[in-house]
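Take a look at the structure set out below.
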Amino acid sequence: MPEVFPLEVYMYNDLQSLPNLSFPLMPKEEFSNDLESLYNIPFHSILLTYPKSSEGKDSSFQDWKKNKVLKKEAPAIYKYTQEYNHPVSRKPYKRIGILVGLKVDDWGPENVLPHEGINSEVVEQGIQFLEKYQVNSSPIHLLYSDPEKSFQNYLENPSALVSKFTDTFGTTHKLEKFEENAKMNLNHLFKNNPLFLADGHHRYQTMILYNEKYGQKALIPAYISLMENEPPTILPFHRLVKLSEFKEEKLLKILRSFFQLQPISSENVEAFTSREDEGEWGLILKSQSFILKPINEKVKHFINKKAYNEAGQKMALIDYLVLKYLENFKKEQPKNWFNLKFSYNFTKLSKKVQSGEADFGLILKGVSMKTLRKTVLNNSILPEKSTFFYPKMLAGLVFYDLTDRN
C-alpha cells in the first residue's frame with residue numbers, strides 16, 4: 001500500500017509572486033513566451049528546476065533560504081485544484097486532489113504503477129542535479145480511481161486558501177491547506193486501488209536510485225488526483241522528425257510498403273487524433289497529409305494478435321517499426337543524421353513542418369483512460385513520450401529540501 005505523509009516544504013515568502021515565479025512543467029518548445037527570458041528573473045523557479053549551470057554562477061537553494069526568498073512551512077496536506085479548457089475539445093475540466101509527500105519504493109501495484117518507458121540517461125542527469133542542488137521543486141502527478149468515493153469524501157475536509165492564480169496557458173491553480181484533523185487516516189485512502197503514475201516517471205526513478213545511492217529515505221512531492229475527473233482520452237505526444245537529407249517521395253515509397261496512405265486535409269488531422277485508437281496514425285508533410293492504415297500482413301498481425309492488442313504495442317509500432325525503418329535514409333549520413341522531437345501541440349507541430357524546421361510529423365491518436373488502465377494492469381509499458389497529461393504540475397509551487405531528514 002502506498003505511504004503518503006504531510007508535506008514539509010519551503011514556499012515563496014511572497015505567494016503573490018507565484019504567477020511570475022512558477023511555471024508549468026511543459027516541454028521547453030511548448031512555451032509561447034521566450035523561455036530564455038525566465039532565466040533573467042531573480043529567484044525564478046526555473047533556476048532550481050532547469051538550471052543553466054554553464055552560464056555564470058549557479059543559483060543556490062541554500063542562498064534562497066538564507067535570503068528569506070523562501071520560508072519553511074509546517075508539515076501539511078494540501079488540496080490542489082486545476083481548472084482548464086481541454087486544448088483540443090475546448091471543454092472545461094476540473095482536476096482535484098491532494099499534494100503530499102510520497103514514500104519512494106520500487107515500482108509495483110503495492111506502490112506506484114508506471115505506464116511509460118524510462119530513459120536511463122535522463123535519470124542519470126536527474127541524480128546529478130539532486131546531488132548538486134539538494135532540492136526538488138517538481139511534484140510528480142499520480143491518479144487514483146475512487147469508486148468507493150473515499151478519496152472524494154476526504155477532499156471535502158475544511159481547508160484554507162493559500163494561493164489562487166491563472167498561468168500563461170490559461171489554467172487556474174488553486175492551492176489550499178487542510179485543517180489539522182485531515183492528517184488522520186491519510187494512508188487508508190489508497191488501500192483499495194493502485195496509484196497510476198501520470199507524469200514524472202523519470203523523477204520517480206531518479207528518486208529511487210538517489211535514495212539507494214545515499215542510503216536516504218527522502219520523500220517525493222506528489223500530487224494525487226481523481227482519475228474519474230480526467231478526460232476520457234489522454235492527449236498523445238506526436239513525433240517530429242528531421243533528417244540531414246530528406247526526399248518526400250522516398251518516405252512515401254517506404255511507408256506504402258506497410259500502409260495505405262489516405263489523403264486528408266491538414267485541418268482534419270487534429271480531429272482524427274481525438275478518435276478512439278484503431279491502429280492508425282497521421283502523417284504531416286509540407287505539401288500534403290495522410291492517414292496511415294496498415295496493409296502489410298506482418299503489421300496487421302502485429303496489431304491484431306491478442307498479445308499485442310493494447311495501447312503500448314500499438315504505439316511501439318509507430319516508434320520501432322516506422323521510425324527504425326527510416327534508417328533506409330541513413331547510408332553515409334553523419335552521426336547526427338536523425339533528430340526526433342516530441343510535441344502534444346498539433347498547431348505548433350504543423351507550423352514546424354511547414355517552416356522546414358521538421359521534415360515530417362507522425363501524428364499519434366490519444367489513448368483512452370480505460371485502455372491505459374487495462375494496459376498498465378496487464379504489466380504493459382508504452383514507449384517513452386506516449387501520453388501527455390494536460391495540464392502539467394507547476395514547478396515552484398513547493399520546494400522540498402533533500403537535506404531535511406523526515
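Here is how the numbers come out for the structure above:
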read-out	value
Subset of region 120-139 that is small (Gly, Ala, Ser) and closer than 17 Å to SER45 by Cβ - its residue that is nearest to the chain's Cα centre (by Cα)	SER138
Any hit, region 219-231, residues being among the polar types (S, T, N, Q) and farther than 23 Å from SER150 by Cβ	no
Subset of region 246-266 [surrounded by 13 or more Cβ atoms within 10 Å (Cβ to Cβ) and part of a loop (DSSP other than H, G, I, E, B)]	PHE246, PHE258, ILE264
Hits in region 242-256 (condition: among the aliphatic types (A, V, I, L, M) and in contact (Cβ under 8 Å) with a residue 40 or more places away in the chain)	LEU243, LEU251, ILE254, LEU255
Test result for ILE208, outside the structural domain of LYS352 (by TED's automatic domain parsing), closer than 16 Å to TYR144 by Cβ, in contact (Cβ under 8 Å) with a residue 60 or more places away in the chain and under 22 Å from the mean Cα position of the chain (by Cα)	no
Test for PHE129: is it among the aromatic types (Phe, Trp, Tyr) and farther than 25 Å from ASP63 by Cβ	no
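Residue by residue, here is whether (1) of a type in the set (Phe, Trp, Tyr); (2) over 30 Å from PRO194 (Cα atoms); (3) at pLDDT below 85 holds:
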position: LEU323; (1), (2), (3): no, yes, yes
position: PHE360; (1), (2), (3): yes, yes, no
position: LYS370; (1), (2), (3): no, no, no
position: ASN378; (1), (2), (3): no, no, yes
position: LEU394; (1), (2), (3): no, no, no
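Yes/no matrix, rows are residues, columns are (1) among the hydrophobic types (A, V, I, L, M, F, W, C); (2) more than 23 Å from GLY117 (Cα to Cα):
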{"site": "MET207", "(1), (2)": "yes, no"}
{"site": "GLY215", "(1), (2)": "no, yes"}
{"site": "TYR223", "(1), (2)": "no, no"}
{"site": "ASN229", "(1), (2)": "no, yes"}
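The values are calculated or read from the model by the stated rules, or taken from the named source; none is laboratory data. It should be emphasised that the depicted structure is a prediction, and the values quoted were computed from it without experimental measurement. FYI the Cβ positions are ideal-geometry reconstructions off the backbone, even for glycines, and counts take in every protein chain you see.
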